[in-house]
Amino acid sequence: MRKYDIAIVGGGASGLLLSCLLAERGKKNFILLERNDRLGKKLSATGNGQGNITNLDMSAEHFYSDEKEKVSSLLSRFSQRELLSFLEKLGGLFEADERGRVYPASKQASSVTDLLRGYLSAKGVSVRTGFFVREVTCSDGFCLKGEGEELFCSRLVLCGGGMAQKNFGSDGNMYEIAKKFGHTVVKPHPSLVQIKTDAEPIKGLKGIRADVRLSAFDGGKTLGVSEGDVIFTDYGVSGNAVFYLSPKLADRTSATLSIEFLPNVTREKLVSLLKNKIASRKDVEKSEILSCFLNNQIGRNVVRRAPAFTAEALVDTLKDYKLQYRGTLGFDYAQVTRGGVPLKETDFALQSKKKKNLYFCGELLNVDGDCGGYNLQWAFSSAYAVAQALL
């Protein structure tokens, strides 16, 4: 049986960076294990394939966890500045957009993966793809059992992700391994995902896009607000505004969505314009009264849903277009998992408090962030914390 000092399970963002950091400091006797046929598949798809790896505004308010102070501390130890400095040292060039989202100048997420994979190759790091860790046993160290083979390590790092996007190998099996060492798991929920709503109110709007302000409420409490595009679908809504809002709804079963069309135009101006149009344009059919205000199909839909054909009622409807939240499309479509191994069950090096020499990184932990590069930054920052403990 081959023996290593360290085994890293999971060749995604956190596993790749952790391996690079160890290699940079001269670590030799460790191995990176990945169940897929190549490293970094999910990383190469991030940001719609453009690689939104971090954000200039990296505050803990953008994260959800059982220990936000620990999240804040770990982010500060390896912030977006340290991350970009390291990646630039490997040969990358990065730029931020107007929302603070940082991308490789190539706008190709795969180029970030290539930087990390290339560095590991240059350093001669041991990598095994196609190795699915199905079971871990321990006595004096850890025995990792794959399909017909085993390997042994003194220290083990689990970076195998949560349950989002199972096509990349994140199917929750790492939770089961963590449980065998005495850990609990906060119930996983999909986040950064499309939202399902009642279908009847939006019938006929499939494929139409609009720039809106999107809010969510429950029992009179505002859960969250986002701005951006909404794309109507046959199941509900998608688009940037939806992805930015979805973390606020990840573990909820009920909520009301409110779409505000024309968020940059005041209610007073819209009422004035519509009163004049209704009074002076008798040639315009009622169903078309919002033509040149909204997409024609959206406009007709708003007219149908308005309680009366008055300027005030039409504006009230388009400024507060309500839809009932009916859940999400689930883990197969989610970018991130809400839930996982509680941070309180780890120390500040993310070493297990249940089992010495067992560490966790990235999405496997009960930490997730807003849309905009936060989840990848957490993957990288958590990898740095573990690397410092292993050096």
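Every number here is computed from the coordinates shown, using simple stated rules; none is lab data. Here the structure is a predicted model, which means the values were calculated and not measured. A quick note on method: Cβ atoms are made from the backbone with ideal geometry, for glycine too, and the neighbour counts reach across all protein chains shown.
Descriptive notes on the structure:
- Judged by the ratio a/c of the largest to the smallest principal axis of the C-alpha gyration tensor, region 184-252 counts as prolate, that ratio being 1.5 or greater while a/b is larger than b/c.
- Only alpha carbons enter this Debye calculation for the chain, each as an equal point scatterer, and the log10 of I(q)/I(0) it gives at q = 0.07 Å⁻¹ is -0.38.
- Each peptide in 211-220, 143-152 receives the mean, over its residues, of other Cβ atoms within 10 Å, and ordering these scores from highest gives 211-220, 143-152.
- Rounded tilt (10° steps) of 80-89 against the dominant C-alpha axis of the chain: 60 degrees
- Relative contact order, percent, region 195-328 [alpha-carbon distance under 8 Å, six or more residues apart]: 30 percent
- For the chain, the longest principal axis of the C-alpha atoms and the axis of helix 374-390 are separated by about 20°.
- Considering only alpha-carbon pairs that sit under 8 angstrom and 6 or more positions apart, the relative contact order computed for region 1-128 is 33 percent.
- Ordering ASP37, ASP66 from the fewest to the most neighbouring beta carbons within 10 Å gives ASP37, ASP66.
- Gained length - ASN276 relative to ASN264, 0.36 nm times residue gap less alpha-carbon distance: 2.3 nm
- Calculated mean residue ellipticity, 222 nm, the chain: -8500 deg cm²/dmol, from DSSP H runs (n ≥ 4) at -39500 (n - 2.57) each, averaged per residue and rounded to 500.
- Across region 195-328, counting alpha-carbon atoms alone, Rg and Dmax equal 14.9, 50 Å.
- Debye intensity ratio I(q)/I(0), log10, region 253-334, q values 0.18, 0.24, 0.27 Å⁻¹ (C-alpha model): -0.75, -1.16, -1.39
- Extended-chain gain in nm, criterion 0.36 nm per residue less alpha-carbon gap, GLU61 and LYS123: 18.6 nm
- Relative contact order %, the chain, counting alpha carbon pairs below 8 Å whose residues are six or more apart: 24 percent
- Sites GLN324 and ASP5, calculated FRET efficiency, Cβ-Cβ separation with R0 56 Å, nearest 0.05: 0.55
- Backbone amide hydrogens, once placed in the peptide plane, bring ARG338 within less than 5 Å of HIS189, SER191, excluding anything fewer than 5 places away on its chain.
- Among the trypsin sites (Lys or Arg not before Pro) within region 236-284, those in coil by DSSP and having at most 12 neighbouring Cβ atoms inside 10 Å are ARG281, LYS282.
- Shown here for region 35-65: trypsin sites (Lys or Arg not before Pro) in loop regions (DSSP other than H, G, I, E, B) with at most 15 other Cβ atoms within 10 Å, namely ARG38.
- Of all DSSP bridge pairs formed entirely within region 195-328, close to 95 percent run antiparallel.
- The fewest-to-most ranking of VAL242, VAL265, VAL336 by surrounding Cβ atoms within 10 Å reads VAL265, VAL242, VAL336.
- Highest mean packing first, where packing is the average number of other Cβ atoms within 10 Å per residue, the peptides 190-202, 352-364, 112-124, 157-169 line up as 157-169, 352-364, 190-202, 112-124.
- Per the chain, cysteines lacking a partner by the 4.7 Å Cβ criterion: CYS20, CYS138, CYS143, CYS153, CYS292, CYS371
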